[in-house]
Structure formats: C-alpha cells, structure tokens
Amino acid sequence: MMAAALGPPEVIAQLENAAKVLMAPPSMVNNEQRQHAEHIFLSFRKSKSPFAVCKHILETSKVDYVLFQAATAIMEAVVREWILLEKGSIESLRTFLLTYVLQRPNLQKYVREQILLAVAVIVKRGSLDKSIDCKSIFHEVSQLISSGNPTVQTLACSILTALLSEFSSSSKTSNIGLSMEFHGNCKRIFQEEDLRQIFMLTVEVLQEFSRRENLNAQMSSVFQRYLALANQVLSWNFLPPNLGRHYIAMFESSQNVMLKPTESWRETLLDSRVMELFFTVHRKIREDSDMAQDSLQCLAQLASLHGPIFPDEGSQVDYLAHFIEGLLNTINGIEIEDSEAVGISSIISNLITVFPRNVLTAIPNELFSSFVNCLTHLTCSFGRSAALEEVTANGVASREEEEISELQEDDRDQFSDQLASVGMLGRIAAEHCIPLLTSLLEERVTRLHGQLQRHQQQLLASPVSGTVDNKMLDDLYEDIHWLILVTGYLLADDTQGETPLIPPEIMEYSIKHSSEVDINTTLQILGSPGEKASSIPGYNRTDSVIRLLSAILRVSEVESRAIRADLTHLLSPQMGKDIVWFLKRWAKTYLLVDEKLYDQISLPFSTAFGADTEGSQWIIGYLLQKVISNLSVWSSEQDLASDTVQLLVTLVERRERANLVIQCENWWNLAKQFARRSPPLNFLSSPVQRTLMKALVLGGFAHMDTETKQQYWTEVLQPLQQRFLRVINQDNFQQMCQQEEVKQEITATLEALCGIAEATQIDNVAILFNFLMDFLTNCIGLMEVYKNTPETVNLIIEVFVEVAHKQICYLGESKAMNLYEACLTLLQVYSKNNLGRQRIDVTAEEEQYQDLLLIMELLTNLLSKEFIDFSDTDEVFRGHEPGQAANRSVSAADVVLYGVNLILPLMSQDLLKFPTLCNQYYKLITFICEIFPEKIPQLPEDLFKSLMYSLELGMTSMSSEVCQLCLEALTPLAEQCAKAQETDSPLFLATRHFLKLVFDMLVLQKHNTEMTTAAGEAFYTLVCLHQAEYSELVETLLSSQQDPVIYQRLADAFNKLTASSTPPTLDRKQKMAFLKSLEEFMANVGGLLCVK
Amino acid sequence: MEDEIDFTTGDAGAFGTNPMQCSALRTNGFVVLKGPPSKIVEMSTSKTGKHGHAKVHLVGIDIFMVKKYEDICPSTHKMDAPNIKRIDYQTGEVCEDLKLPEGELGKDIEGKYDCSHKALQINGIMRHEQTVQVWINCRSK
C-alpha cells in the first residue's frame, strides 16, 4: 500500500529517515519516534508485491539497514505471494539477488547474509514445487568454487551454509509460516540429493587445499570455512522416513547428533578416500587449534557412522578397521596437543559407543590390541594432564588455601561416574589392583603415623610455636582420601532399596586364593589395626580382600590414636568422613554376609565376617566405638557427624547386626547419654540427632529377652516421655513456655519424635504408632501455646508429617482414623490461630511459608494411603488393642478437604512462584481430584473457582511436570461429571472449557511427547462428555483451512480418530482404541497444524 | 490475646548469656556478635582447603540498632548466646516507654498502632527489651 501511494524515491527517503531514527542514540530520539520508525519498516515489509521497489532500493540506497530490510521484505513477500507469482519472475529474482551479492564483495556482512538467506528461502520454498527448477544454484556455486578466487570461494561457502541452515531441522529455519510437515518434506528431499552435492563440493575443496604446500592467510581462511561446512554436513540430523510428531520433537533440540545417513549416502561415505582426507586434513592443520577443532569434530562424526548405510556387518568391520588404522597413524609418534585431547577422546568414545562389541572384536587382532594399548595410554596421559591442569589452574597451593563452601559437592558424589568406572576396572583386574591398593594404603598409613608422631614431639618440645608445616600432612590426606574412595567403589556397590551383594569378581578372587591363605594370620591382621601389617609374621599369606579392609581400619586407628593424643586439630575431617563412608558401604555388603544369597562363598569371608563369628562381633564393637568417638570429637563437623550416624543406622537396620550391636556395653551407654541430652551429643545438628534417635529405636527391636527389652525402652524412650510430660504439665507452663531451657526441651523432644517416626518398619509400627499417638495429642496443645513462635509450630507440624509419611501405609482402619482425627484437630487449631493473620517480616522468603508447605505435605501423605496400603485390617496391631468399634467417622477426605479449604485461599499466584510450594500444591490438588472427585462439586463456590483456575494455570503456564499433573487431574473430574449427569453444574461448564484447552494443546501447539498419554486420556474423557462441543471445535478448525488437500487430509484424520469410538463412551476398550488412534493422528497431521 | 505481662518478678536470673558451641547455633536464633545480641539471619559453613576444619560464618542483625554484624569462627568455638525471655503483648496494652526498633519494623509497628486487635511480641534480651516481631490479627474485621 505504501509502495503504491509513493514513488520509489519517496519510499527510499522515508525508509532511510526511519533507519536514521532507529540507529540514533537513545538520547536523540524519544520512544514515540522510535515506534513510528519501527512501524514504517513493519508496514513496508507487509506491502504487496514490493519486488520492484526492493530491487530499486538495493541498487540505489547506501544505508545498510535499509538494504537489510529490503532483503527481508523480498523474502517474506516471496513466500506470501508464491502461488500468485510467475515462476519465471521468481527465478529471475533469485538470480538478481545472487548476482547482486557477487558484484558487491564489500557489502556489510549482515546485509549479505540476509540476502543469501532470502535466496535460501526461495530455494527451499521452490524445492517442493515441481514447476520451478532451483537446482541450477549448485551449478553456479561449483563454478564460483572453481574460480580459484578466495573472495568468490568464500561467498560460495556462505551460500551453501545459508542453504544448509535453512533446510536443517534445528531452530535455524526461518519463520515462514508453513507447516512442520512442509519443513520436514523439504528436509527429506534435501538430505537425499542436495546435501550430498554440498558435501562433494566441500570434499573437493578440502582435497585441493590439503594438496597445497603453502597456504597464505586468505587461503587458509577459505580452507577453514569449508572445513566448518564439512562439519556441518557431517553433523546433519538425518530425518527418518516417517514424519509427524517425531520430527516436531526433534525441532526442539538436536545436540550431539550421531551420523546416521540414509542408504543413498553409501557410495559417498564408505569411500575410504573420504575418511583418509579428513585424517590428512587434520595432520596438516593440527597446530592451528581453531581449525583442529573442526577437523577433529568431522572425524568424531565419521566415527559415529551407523545405520542403513552399512549393507552388512562385513562392511562395518572394514570401515571400523580402516578408521582405527587411520586414527592410530595420526596419533602414534606425535606429541598430542592439549587442544586435541577433547576431540580425540570424543572420536574414541563415539567409536566405542556406536560400533557393537562383535564388530570391534572382528577387526584384525594386531590392530585391535594396538587400539586397546593406545586407549590405555591415552586414558592415563589425558587423566594425568587433566589433574595437572586443575592444579595449575587453581595454583599449586590451592588445596590448602582455597575456601570451600558447604555447598561444594563431596568428591565421592562429584566424581561418582569416574569412581564407578575405576572401581569396575579394579574388579576386572582384581589380581593386580587389590594388592596395589593395599600396599599404597599401608605405606601411606605408616607415613601418616610417623608424620603425626613428629608433630607431637615438636609440640611437646615447644608448645608455643604451634605453627607446623602442614603441607606434608595435607598431601598424605589427599592421597588417602582418594585411595579410600577407590577402595570403596571397588569393594562394594551403593545400592538403594535392594540388598547389596559382594561383587562376584571379588568373591571369585578371594575363593581362588583361599587355598594359599592362612586364616589365623588373616584374622590377626584384621584384629590388630594398631600394628603395622608387615610386623605380623606370615603377613603375606593373608586374604587380600580382608587385608585391604584392614588397611583402612589401620587408617581409622591412626586417626583414633591422634585424637587420644590431642592432635585432633591436625587431622583431616575429610579423611574422617571418608573412613566412615567406606565402613558403612563395606558393612552393608560384607558384615554378617547372608550365605544363602551366594552360590559359593569365600572361606576367609565367612570365617571373618560370617554369622556367629568372633570376627564379626569384634568388628561391630570396633565400629561402634568409632561411631561414639566421632560423635563426640567431631560434633562440630556436620557432614562427618552425619556420615557417622549413617554408619550407626547401617549397623542396626538389619536385625542380625543389631543383635550383636546391643550386646556391646557402649551401645547402652550411648543410649543413656543421648536420653540425658547432655554434651557432647546435644551439640549435634538436628538432622544428626534425628538419625541418632532413629538408630537407637531400630536397635531396640533387636532380639533380647523381655526383661532386657523392658530395660532398654525404659532407658531410651521413657525418659523422653517423662521429661516432656514434666515440662508441659507444670502449672505455670504457659508463662514459662518461652524460656530458653523450656523451649530447648520442647524442641529436642519434637526432633526426637521425628527421629522415632523415621525408624518405622513394618514389624515395629504397632509399638511406635501407639507411642507417638500419645505425643500427638499433647503436640496439639503445644500448637496453642506456641502459636506465635513459628519455628516451633513448624516443628510440631513436621512431627505429624513424619508420622503420616512413615506410618499411614501400615495402619488399619481404626488406627488410621485415630491419625486422621489428630490431624484434623491439628488443622483446626492451626486454622483458628492463623485465620486473617498477616505476617509482617522484613524478609519474605520461601521459608516463611514453611508451614504451608508442611501442611500440604501432610495432606499429601495422608492421601498416599489410597495408593500404597500395606495394612491388613490392623493385623500388625493384633494383640495390642482388642477390636475397637470403629464408629467414629473421620475419613481421609474430611481431613484433606478441611486442609484444602485452609490452603487454597492462601496459595496466591505469588506463592506459586516458589518452586517447591508450587510442585507440592499441584501434587496435592491432583491427588484430591483423583481420589475424591465426588467432593469437588461440593466445594464452596469461590474455592471451586480457584481450584479450576489453578488447574488452568498449571496447564498453560507452569513446568511440564505440573502440566502433566493437571492433565491427570482432568480425567477423574470429567468422569465424575459423566456420572453425575448434571449438565448445568459448574464442574460441567468448567470441563467444557478444559476440552478446548486440551484440544489446542494436542492439535495446535508444539507438543511434548511425554505428555501424550496424560493429555490423550483427559482429552478422550472430555470428548465423551462434550461431544457436540468437540464436533464444533473440529468444524471450526476445518473451516479455517484454505487448501482443499489439507482440508481433506485433516477431515479424514479426524474421522479416523473417532472411528473406533463412535459414539464415544467411557469404556476402557474404546478409550484404549482412541489413544492408539490419537498416536496415529499426531503422527499423520501433527506436523500439518503446527506452523513455523 | 491471653498472654500476660508480669511486671512484678524481676527475674534477673533469666537474663545474661551462656556459651554455645558454634555449630549448635541456628538461623533465627540469637547470639552475641561483637557486643549487642543479634538475631542470626544467615549461617553457613566453609572450610579452608579440602582437609581443613569447618568454620561458621554468621550474619546477625543487632536487635536494638538493626545493624548488621558478621563473624567467622571455627565451628568448635563457644559463642555467647543470650538468654531470652519473650513476652507477648497486645497493642492496646503496650506501654509508651516500650522501645520500638529503628528502620522498617519500627515504622511498621507505628503504622499499625492505632488499629485495635493486634498483638505485639516483645523479647527481653540481656536486660533490654525489644520488639522483634509483629503479628497483626485482623480476625475481628
């Protein structure tokens, strides 16, 4: 319109002025002027057939930005008016643009790229249009390349790069308003022919350059560009035959693509000259680290070649053998540059990942063994350089001086992958590795011992000059630290939820040598951690695995002795942590091994750590002593205390071990000491105290005679109760409740209750539940007393959360009801004290809403019984309480809905910005919708509305996890509506709205494949409920399609989608059929409606 | 509110400080940092070098002057924790001579002062009294 109203010179003047405004510094123009200028360009780009004006602009204007906009206008208009344009004029337009760029080598880069982008878009749009031939472009480009003129060759490279980006499936594609299916089809055609042609052209250029002796700077820059282009081709994400959803998902992200070309590439890529070329190129340019990155990346891509390109296994073996030969020739005899390390590693990693084992072993023997040797050599030397680099990067003295925050992950977690590999290798080569680790450890222990003794003497001689050189100690600690980690990973696995087994390699290794082993000496080595292993006669005839363990016990013993000698300040808490971490891992697997779990068992193992052996009793005593000493010496080192108490839990969580633990006098002392809440145990952090309580409770379920058991509980649990009751039953408790010692007492009790709940197991739940229930009632009273002390209120709720979390699944009907009642009362008191209350504090952080989070957690835990229920009508309680008439009628639903009434009004949108609150909230409301859909329509109107609003918000603007939860909530709600058959209820109306939302999500938006099932189920149920509205949605969508072919395809697809379920009913079989059709539907037309 | 103020008991024994191991301190608790008692608002630990011993970093806000204090000390060190006596008041009954804190909190209390049905919470610390927290209760609205 603008072009029609004004002549070309006026248009240019107007645009140039606007460009001036846009480019002006902010101080020179105001916002309004800027917006006006922007508007001028936008409407210019929308003008009809701007081709003549644009050509004129390109030829006459000197303003780069205007040139850029003209190129953009051409690109957009060509796509917009494609059908109306004559093919000849499109062709000439393309030629014009290309010539234009060729003739102006000094164009600004961004203008040139934009013009080439326009060319690429034209070629892409034309590639599906048989009436127009855009292929000539490759002919033109190859002519440019053969010109030998570096500038022209660079331009040719830019053209190819632009084409490649435009056709690739990544987000690089321009937004031209066509369907994903269009983009997919273009790509498929492109990758079969044009891409290969680009590759061939590139290979030719590279060949040419690799033959030349001396490259000047300009030529070498051209070389580099083509190498980068080759890399782009080899990193192409080849589109598999069937399109649809897969393609759309791929559009999102495609990183680290492995090379999987189609069959048509066979001749090109299996030609060994191609592979050789890239090795040659790398050898030539490897000193230029920028270029080397590209050449190595090309080789890494070639190393990942797989798929239909290989006609048979033989060709794969040939290719691999050839590749490895090339690789070895390149690597051997050269000094590898640091910059090459990553590239070479990824080449090898790709080879080993992609080529199957049987192919790898089918290459000639000699080649295979040189490859493995090379691999070993590289692993060692790269590992060493990486370690050195770390040291130099942080400065040599770093280990001693660097400030390490508590958030820094421990090495055992940070390097768990590497350690697991090292451990695995150690098991495979046990013969070599176990004795090696043992001797390294033993040697370091001896040195550590000597070093500490020297320090002690120094201190005794001159106690004042306390500054000792710690460098030597520090180095020893660092060595021992890693040796313990490696030993831990080698000897045992870290299992969760399953019984850890002794690794078979270790078992076999021990069995294999058991005939040479002297059992008594082995036991002696094990039982005398205070002595040097080599001082024991016959020490070489011991079981190596046990000797390795005893080496670590020796480290532990040196630590203990240093503590006794008042040298704690010289010790490394990190090493202390490593020791207990190792002992826990070891004890879980080896201590009191269950012989039934193994086909064969090593005699030394069963003699030393088997059931009913002196060895196991001794070692349990030793470990317990270590735990007790650590808890008092290291109470100020949180992590160490925490690892220590975990070791204690390991010792008592299995009945067999607990039976031995409780025979130690130390154990009883520990229990008594903890019950007294005296130093040093009361210095421990609250999580550690909780876990300690848990361990003490678990120990109480070990096998003992009734009298002993009675005595134990009298000493562990009863003091808790007595002290608590004494405090809260004082006459003036109300006045004293804020006194520090009273508060401390209350806090400690509540913490202990959490610990007790954590100790719940199926065989102790009856006792623990009854014990805890007494407290819960009293806790509710405390809620009232401490209503203005949020930290105490939170702790009280936390006790309920823990009890519900650990115990609800075991509770039978009447016990569960007791808990529901208690929870309901808790919520009522909370509600009474918080209604209308605003909290004013300077810092509004997430932790301020801890109470809300805890209540939601509590409600979720109560609901979880509907999913996980191990109770057998109070079977575990049988004998504890005679059948009690369950005539009270508090149900989980009552408690939860009461809680929801409380929570919903408080959950503002601001609060949903806190991720933990948000996730917990959605988890809760989804649970409620799934379990009590019938209660939803009964909610008060405003609560109902905010619940529905929350669901919509969750589906549209939260994380995909939350979205999934909301979709899962919809199905039961819709089913509820169908059951109720009320067509005017608010829920019914709400679900109609959700139908539209889910419809759009599935059909129109880029779809997250993880969500298909949840969305599909919700969709089907909603369709059943609102058939008329669904048909309407389909009609509206169809009527907006202009292309008759697409219209027909869509119409057919929609028909097919519901064919198996007409009329749709809430029948499981039909639903499954629908879900299957939906998959097909998405694959078939998903790409058609999703537009880019 | 049912909390009462007892003006008659001097209760001097409840004031003062007692030593606590650094690692046993908690956020939101109170500690004496370089003079005045402070509420701990931030607490973190670190160590010097991988094999170093833990140190505790404390950030506290002086409850009288609303001034920030920081300290770093080995986690085994003992620090003085003030004994706290906490009394809840309702605004209607707050005496005029009650010292309001400076800064935001003080203004907040002043701003809400004329509205009834509110409760103020006051902690008496080390023979001083200080308002540390305000609850507004608008239940009757």
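Taking the Cα atoms only, what angle lies between the long axis of helix A:217-234 and the longest principal axis of chain A, rounded to 10 degrees?
70 degrees
Taking the Cβ of each residue in A:Phe278, A:Phe988 as the centre, tally the other Cβ atoms inside 10 Å and list the residues starting with the fewest.
Exposure proxy ranking, most exposed first: A:Phe988, A:Phe278.
So what is the calculated 222 nm ellipticity per residue for chain A, using -39500 (n - 2.57) for each DSSP H run with n of 4 or more, over all residues, to the nearest 500 deg cm²/dmol?
-23000 deg cm²/dmol
Using Cα centres only, tell me the gap between the range A:941-980 and the range A:613-655 in whole Å.
The two parts, judged by their Cα centres, are 49 Å apart.
Using the Cα centre of chain A as origin and beta-carbon charges of +1 (Lys, Arg) and -1 (Asp, Glu), tell me which of A:Gly812, A:Leu476, A:Tyr949 is placed farthest towards the positive end of the dipole.
A:Tyr949
Magnitude of the Cβ-charge dipole of the range A:963-1092, K/R +1 and D/E -1, about the Cα centre, nearest 20 debye?
The calculation lands at about 240 debye.
Please give the contour-minus-distance gain from A:Arg676 to A:Glu337: 0.36 nm per residue of separation, less the Cα-Cα distance, rounded to one decimal in nm.
This chain segment gains 115.6 nm when fully extended.
Determine the sum of side-chain charges near A:Val29: Lys and Arg each +1, Asp and Glu each -1, restricted to other residues whose C-beta is under 14 angstrom from that of A:Val29.
0
Rounded, prolate or oblate: which fits the range A:5-159 when a ≥ b ≥ c are the square roots of the eigenvalues of the alpha-carbon gyration tensor, with rounded for a/c under 1.5 and prolate only if a/b beats b/c?
Oblate.
What's the center-to-center distance, using Cα atoms, between the range A:1015-1090 and the range A:812-830 in Å?
The two parts, judged by their Cα centres, are 46 Å apart.
To the nearest 0.05, what FRET efficiency results for A:Arg454 and A:Ser606 with a Förster distance of 60 Å applied to their C-beta separation?
FRET efficiency, A:Arg454 to A:Ser606: 0.90.
Using +1 at the C-beta of Lys and Arg and -1 at the C-beta of Asp and Glu, which of A:Ile12, A:Leu485, A:Met1001 has the Cα lying farthest in the positive direction of the dipole of the protein assembly as shown?
Farthest along the dipole direction, towards plus: A:Ile12.
Which order do A:Thr95, A:Thr789 fall in if you start with the one that has the fewest other Cβ atoms within 10 Å?
The fewest-first ordering by Cβ neighbours comes to A:Thr95, A:Thr789.
Which order results if A:Arg196, A:Arg104, A:Arg657 are arranged by neighbouring Cβ count within 10 Å, fewest first?
With the sparsest Cβ surroundings first, the list reads A:Arg104, A:Arg196, A:Arg657.
What does the charge dipole of the protein assembly as shown about its Cα centre add up to, to the nearest 20 debye, if the Cβ of each Lys and Arg holds +1 and the Cβ of each Asp and Glu holds -1?
1740 debye
Going Cα to Cα from A:Lys187, which aspartates and glutamates come in below 12 Å? Please leave out same-chain ones fewer than 8 positions away.
Answer for A:Lys187, where 12 Å is the Cα cut-off: A:Glu166, listed by chain and number.
Hey, for a label at A:Ala980 modelled as a point 7 Å past Cα toward Cβ, could you say which residues of the range A:910-933 have their backbone N under 12 Å away?
A:933
If one takes the longest principal axis of the Cα atoms in chain A, at what angle in degrees, from 0 to 90 and to the nearest 10, does the Cα axis of helix A:31-46 lie?
60 degrees
Let a ≥ b ≥ c be the square roots of the eigenvalues of the Cα gyration tensor of chain A; is it rounded (a/c under 1.5), or, if not, prolate (a/b larger than b/c) or oblate?
oblate
Taking the Cα centre of the range B:17-82 as origin, work out the dipole magnitude from +1 charges on Lys and Arg Cβ and -1 charges on Asp and Glu Cβ, in debye rounded to 20.
So the dipole magnitude of the range B:17-82 works out to roughly 160 debye.
Once the Cα atoms of helix A:471-491 and of chain A are each reduced to a long axis, what angle between those two axes, in degrees from 0 to 90 to the nearest 10, is obtained?
Rounded to the nearest ten degrees, it is 90.
Less than 19 Å apart at the alpha-carbon level, and either on another chain or at least 8 residues along: which lysines does that give for A:Lys709?
A:Lys672, A:Lys694
Pairs of alpha-carbon atoms within less than 8 angstrom and 6+ residues apart define the contacts here; what relative contact order does the range B:17-82 have, in percent?
41 percent
Under 25 Å Cα to Cα from A:Lys1056, which lysines show up? Leave out anything in the same chain fewer than 8 places away.
A:Lys996, A:Lys1006, A:Lys1069, A:Lys1071, A:Lys1076
Within a Cβ distance under 14 Å of A:Tyr1030, other residues only, what is the Lys/Arg minus Asp/Glu net charge?
-2
Tell me, what is the percent relative contact order of chain A, built from C-alpha pairs under 8 Å that lie six or more residues apart?
Reported relative contact order: 7 percent.
First check a/c for the range B:17-82, with a ≥ b ≥ c the square roots of the eigenvalues of its C-alpha gyration tensor; if it is under 1.5, answer rounded, and if not, answer prolate when a/b is larger than b/c or oblate otherwise.
Taking the square roots of the gyration eigenvalues as a ≥ b ≥ c, the range B:17-82 is prolate.
Along the Cα-to-C-beta direction of A:Asp410, a point sits 7 Å from the Cα; which residues of the range A:619-656 have their amide N less than 13 Å from that point?
Output list for this probe position: A:637-648.
Coordinate-derived values only; no laboratory data. Worth saying up front: this structure is predicted, and the values here are computed from it rather than measured. Positions of Cβ are backbone-derived with ideal geometry, glycine not excepted, and every protein chain shown enters the neighbour counts.
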